[in-house]
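A quick write-up on the structure given underneath.
The values are calculated or read from the model by the stated rules, or taken from the named source; none is laboratory data. Source: prediction; values computed, not measured. Cβ sites come from the backbone with ideal geometry, for glycine too, and all protein chains shown count toward neighbours. Keep in mind that these areas ignore ligands, DNA and RNA; they rest on the heavy atoms of the full protein, side chains included. Shrake-Rupley method; radii C 1.70, N 1.55, O 1.52, S 1.80 Å.
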Amino acid sequence: MTSFISTPNTESITAAIEQLRSHCQVDIQTTWRYSEVDFTPDEVFTSDISSWECAVINEKGHIPRDKGRNILWLAQTIVVPKNLHQSYPLQDLSLRLALVWWADAAQVYVNSTIAAAGDLFDFSPRVLLANAVTPGDKFTVAVRLVTPAHDNGALMRSRLLYENTNHNSLDAGFIADEIAVIQLYLETFAPENLPILASSLEGITNHTTTVNLELFQQTLTNLYQQNWKNTKIFLLGHAHLDMAWLWQVEETWKAAQNTFESVLKLQEDFPELTFCHSTPALYEWIEQNRPDLFAKIQAKVKAGKWEVLGGFWIEPDLNLISGESIVRQLLYGQRYTQAKFGKISPIVWVLDTFGFCWTLPQFMQQAGIEYFVTQKLRWNDTNKFPHGAFWWQSPDGSQIFSYMSALIGEGIEPVKMAAYAGEWQTQTNIPDALWLPGVGDHGGGPTRDMLEIAERWQKSQFFPELEFTTAENYLRHIQQIGEGELGKDTETAELDNISSSHSLYRRPAGSSLLPTWNDELYLEFHRGCFTTHGDQKRWNRKCENLLYEAELFATWAKIACDLEYPHSELEKSWKKLLFNQFHDILPGSSITEVYTDAFPEWQEIQTTGTRILQNSLHAIAEQFLRNIAFNSKKSLPKPPQPDAKPIFVFNSLNWKRSQVITIDLPDAIAHYSICTTDGKLIPSQLSKQSKLLFLAENIPAIGYKIFWLCPKKLEKSNRVAQINDTILLQKNQITLTPENIALENKFLRVIVDKKQEI
């Protein structure tokens, strides 16, 4: 493929596009007036807006406001002219106000009535002012912005769009976008034909009245006969929802309800809309708190219009968590999805996670996962990730079909979609792309405006065919194209047959039609998350280890002692742990309030896990002693002294282990020593008041060893060690005398006198 692009041709095409847009679009960014007073809407619309100061535009073309949840009111009166171009009247065209802001919260009022609202992520509405305008119509518009706490806010763009609601009539803005789409196609696949397009456009902007519609359309058709109509852009409604980030978890539940209710309402008017969402933890909350909403979702899942991507319990961090946690994310996610929606998920859907460990394909394959999907490596700030569809291989050889999706949080923007489709086809040689329309991060999903735009572009002869599908259908489709199983002219019926097949498609032995990635998937953008909020990392690792031990010894206690297994308590604790492994909680990228909320959750896990562990260990030890008491063939050797107590040291690991042990002594009055069961004295040290240290050697794997704790009257109050006033641990030696303490090893000797001076 050649990459030749003629700059003069490109410039003339761009000029024609901009001229067409000027017939029906007008930038109003410079005509706003502002106030920083927190008026009510009624006060705004009863005030004299003309007395407000003119908004100041910065070098970026934005109207800025300082961070810190500050208020900015912007207002102006819009008067509809007869036309913006002499040959293109505006009469009866619809009028929309397209805005882009950066604000924690925003409300748009038209003639004192609220017309739209949004936030940091629902930031680009197209507000309908009128379905059909008449020259002279007036609209007073006011926008209330609340700046983010963490960043400066701004109104970034404001533009009026006059559009023809009759899709069979001329629309200058729509045709401008069609030309932009043709230009992208030629730049990507046939740059040598750009001069033809440029030449054909020389007089095209003189034919923008309905009288010349037939001539205009024929001119466009002649520009390029071979177009994107032999490809598809599949659509899948989506709403990424962070469990916590710039908001607390409590707000997530509200955002989820609003998102799901919005999608269900839209599906009533747009039955073709197919929607997907991950996170079984979220569905479980909906089930428990909104059973009515949950039942509607289940019905849509059954109808094939709602896809539950439940491979993981949540979309977790996958750099920091343990292998056991990865297993539990998959276990609880797949178990819930199967129980509530009738099947396990074949897809791990982690579009926003901050990088992925190399062993992940092995875990996924063992959990019934066939496909891995992310888009995060598109964020790389140094090295562009080279693949769109590929096999990802673990060190053990396990492979998973992997897909780098389009960006999330996007609308239906045809020019941007065409650019992505060209990039995707160039990268993968797969003609059909997937686009994920829907407001995201704070939920939201597809909007009515997005779906209406999609309906209109479906009729364009220059744009790829648009069709809603599921992630599973699409991935099976491109996998078989990529592996040479299907031709480029695969029909929809074939796609459906692929999805309904019960046989799982696996990579043929020796096949290499798609590239293989044999390494971790490292995100270069979020490097700082490995060290931020170290307390969360510490809590996570402690709780991971604790729940493993609690579960191990609770199982042992059930088998050996018939102690009731605390299944529900362990599952509840595991789910709390898994939730706190979310990719904006554990990495430390959330606001402070999120960690204030997480702290009691960690404490509850620790309290529950410790109680289960201690109860299980005591039951196992007591069972052993009871067996000794009632079975003459089993007995402990005689203790070194009558009042010695048995000490059980357990090892939860899968290998023999030696480690220094800390014992809480019964009292601080007596002195204690440690002996093996055959009476051999073991070096020990009084570390703190009532705490004794000793080296427990060769504790068997997933087993225990017994030692004797022997009380002995303390003779010298300043003693911190026993065994003839000397402790000998390998080559290290501590010598005690009334005058000083000497610490010695093969490298040095340190003497500390009574004044604690060296």
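Classify the range 301-382 from the C-alpha gyration tensor, please: rounded if a/c falls under 1.5, else prolate or oblate depending on whether a/b exceeds b/c. In terms of gyration-tensor shape, oblate.
May I ask you to order 324-333, 243-252 by the average number of other C-beta atoms within 10 Å around their residues, highest value first?
Values: 324-333: 21.5, 243-252: 19.3.
In descending order of packing, they fall as 324-333, 243-252.
Ignoring ligands, DNA and RNA, please state the percent of accessible area on the chain from carbon and sulfur, probe 1.4 Å. Carbon plus sulfur share of accessible area: 51 percent.
Between the Cα long axis of helix 567-579 and the first principal axis of the chain there is an angle of about 50°, rounded to the nearest 10. Rounded to the nearest Hz, the phi-derived 3J(HN,Hα) couplings of the range 315-325 under the Karplus curve 6.51 cos²θ - 1.76 cosθ + 1.60 (θ = phi - 60°) are 8, x, 5, 10, 9, 9, 7, 7, x, 4, 5, where x marks glycine and proline. Of the GluC sites (Glu not before Pro) found in the range 37-132, those in coil by DSSP whose Cβ has at most 13 other Cβ atoms within 10 Å are E59.
Nearest 0.05, what FRET efficiency do F599 and S51 give at R0 = 41 Å with Cβ-Cβ as r?
Numbers: r = 50 Å, r/R0 = 1.23.
Calculated transfer efficiency: 0.25.
Near the amide H of E307, within less than 5 Å, lie the amide hydrogens of F275, C276, H277, all on another chain or at least 5 residues away, with H placed in the peptide plane.
What is the packing order of peptides 409-422, 127-140, 185-198, taking the mean over residues of other C-beta atoms within 10 Å and listing the highest first?
Working: 409-422: 20.5, 127-140: 14.4, 185-198: 18.4.
Answer by packing, highest mean first, reads 409-422, 185-198, 127-140.
Here the calculated FRET efficiency for E192 and R749, from their Cβ-Cβ distance with R0 = 60 Å, stands at 0.10, rounded to the nearest 0.05. From the square roots a ≥ b ≥ c of the eigenvalues of the alpha-carbon gyration tensor of the range 53-143, which class results: rounded (a/c under 1.5), prolate (a/b over b/c), or oblate? In terms of gyration-tensor shape, prolate.
Ignoring aspartates and glutamates fewer than eight residues from K384 along the same chain, the ones with Cα atoms less than 19 angstrom from its Cα are D352, E423, D519, E520, E524.
Converting phi to 3J(HN,Hα) with the Karplus coefficients 6.51, -1.76 and 1.60 and the offset θ = phi - 60°, the range 25-41 yields 9, 9, 7, 10, 4, 8, 9, 6, 10, 9, 8, 9, 7, 7, 5, 7, x Hz in sequence order, with x at every glycine or proline. For the chain, the longest principal axis of the alpha carbon atoms and the long axis of helix 291-303 meet at an angle near 70°. Between E18 and K680, the contour length at 0.36 nm per residue exceeds the Cα-Cα span by 229.1 nm.
Using a cut-off of 18 Å between Cα atoms, the listed pairs K558/K705; K305/K343; K232/K300 include K558/K705; K232/K300 as exceeding that distance. Net charge in the neighbourhood of I661 (other residues with Cβ under 13 Å of its Cβ; Lys, Arg +1, Asp, Glu -1) is +1. Given their separation in residues at 0.36 nm each and the Cα-Cα distance between them, I591 and D66 gain 187.1 nm when the chain is fully extended. Computed 3J(HN,Hα) for the range 264-279, one whole-Hz value per residue from the Karplus formula 6.51 cos²θ - 1.76 cosθ + 1.60 where θ = phi - 60°, is 4, 5, 5, 5, 5, 8, 10, x, 6, 5, 10, 10, 10, 7, 8, 6, glycine and proline marked x.
By the rule of a C-alpha distance below 14 Å, with chain neighbours fewer than 8 residues away ignored, the aspartates and glutamates paired with K688 are D664, D667. Once the chain from E571 to T165 is taken as fully extended at 0.36 nm per residue, the excess over their C-alpha distance is 140.7 nm.
Close amide H contacts of S684 (hydrogens built in the peptide plane, cut-off under 5 Å, sequence separation of 5 or more or a different chain): Q722.
Return one whole number: the accessible area per residue of the chain in Å², for a 1.4 Å probe. Each step should come with its number before you reach the end.
Values: 35410 Å² over 758 residues.
Using a 1.4 Å probe on heavy atoms only, each residue of the chain averages 47 Å².
Quick one: Cα centre-to-centre distance for the range 577-618 and the range 150-170, in angstrom? Taking the Cα centre of the range 150-170 as reference, the centre of the range 577-618 is 45 Å away.
Roughly how many debye, to the nearest 20, is the charge dipole of the chain about its Cα centre, given +1 on each Lys and Arg Cβ, -1 on each Asp and Glu Cβ, and no other charges?
On the way: 67 positive and 88 negative charges, 766 e Å.
Computed about the Cα centre, the dipole is about 3680 debye.
Close amide H pairs (under 5 Å, H built 1.01 Å from N) link A105 with V146, residues at least 5 positions away or on another chain.
One compactness figure for the range 535-611 is 1.20, namely its Cα radius of gyration divided by 2.2 N^0.38 Å.
So what's the angle, to the nearest 10 degrees on a 0 to 90 scale, between helix 534-561 and the longest Cα principal axis of the chain? Here the helix axis deviates by roughly 60 degrees.
Using R₀ = 60 Å, calculate the FRET efficiency as 1/(1 + (r/R₀)^6) where r is the Cβ-Cβ separation of S112 and E465; round to 0.05. Spell out each step's value before the answer.
Numbers: r = 43 Å, r/R0 = 0.72.
Rounded to the nearest 0.05, the efficiency is 0.90.
A 28 angstrom limit on the alpha carbon distance is what I want to check against. Which of K542/K656; K67/K265; K537/K575; K542/K638; K537/K572 exceed it? Display every interim value, and only then the final one.
Working: K542/K656 21 Å; K67/K265 35 Å; K537/K575 17 Å; K542/K638 38 Å; K537/K572 20 Å.
Violating the 28 Å Cα-Cα cut-off are K67/K265; K542/K638.
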